[in-house]
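First the structure, in the form of structure tokens, and then the observations on it.
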Amino acid sequence: MKLSDELSLAPLGSTPRPLGEWLTTFHLATVVLDPYTNESSWVLRSAVRILEALRGCHARVNLLITADEADTRRFLGPLADQFLVFTDPDRAVVAAMGLTALPAFVFVRVDGTVDATAQGWNPAEWRAVADAITNTTAWRSPTIPEAGDPAPFAGSPAIA
């Protein structure tokens, strides 16, 4: 699936910009979270660990939160200042990515192609997304699962 270059991504505290502008030099390694569900809070620590392990590869590691700025900041706390964070309160980006369950881990290549997706928390599927990222960027893949990660779960509906 190829995303439209005109799809709008709204970073925290800044003006929304088209997807094409975010993909000029780097792929996107995106963890999508719904701050209004337990499922996304259960996986937040693991998601941060995975994104930290991918920091430095040729992908912009980021969080996409299905909330407005105030609720996004409330949910993430200090993490809001440690990562590139996009808000998607109307879930337009979630719908464009074809997601049906959250949390999700999505790899978008510089050409806008959604190359790999994991929905819900299934460590093997998240590892496959991480492997797609690291194979593309010649990076080392993080360990998934790791001690302390939650047990697998299906996730909550992506589109309410």
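Values quoted throughout were computed directly from the atomic coordinates according to the rules given, and no laboratory measurement underlies them. None of these values were measured; they are calculated from a predicted model. Virtual Cβ from ideal backbone geometry, glycine too; neighbours counted across all protein chains shown.
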15 Å beta-carbon shell around D34, net charge (K/R +1, D/E -1): -3
Can you give the relative contact order of the range 42-156 as a percent, counting alpha carbon pairs under 8 Å and 6+ residues apart? 26
Amide H contacts under 5 Å for Y36, restricted to residues at least 5 apart in sequence or on another chain and with H modeled in the peptide plane, are none
Any chance you could run the full-extension gain for R55 through T15? It's 0.36 nm times the residue separation minus the Cα-Cα distance, nm to one decimal. 12.0 nm
The chain: antiparallel DSSP beta bridges as a percent of all, rounded to 5: 60
For M97, M1, what ranking results if the residue with the fewest other Cβ atoms within 10 Å of its Cβ goes first? M1, M97
What FRET efficiency, computed as 1/(1 + (r/R0)^6) with R0 = 25 Å and r the Cβ-Cβ distance, is obtained for R140 and F26, rounded to the nearest 0.05? 0.90
What shape does the chain have by the C-alpha gyration tensor, where a ≥ b ≥ c are the square roots of the eigenvalues, rounded means a/c under 1.5, and otherwise prolate means a/b greater than b/c and oblate the rest? rounded
Under a Cβ-Cβ cut-off of 13 Å, what is the net charge of the residues other than L76 that fall near it, where Lys and Arg count +1 and Asp and Glu count -1? -2
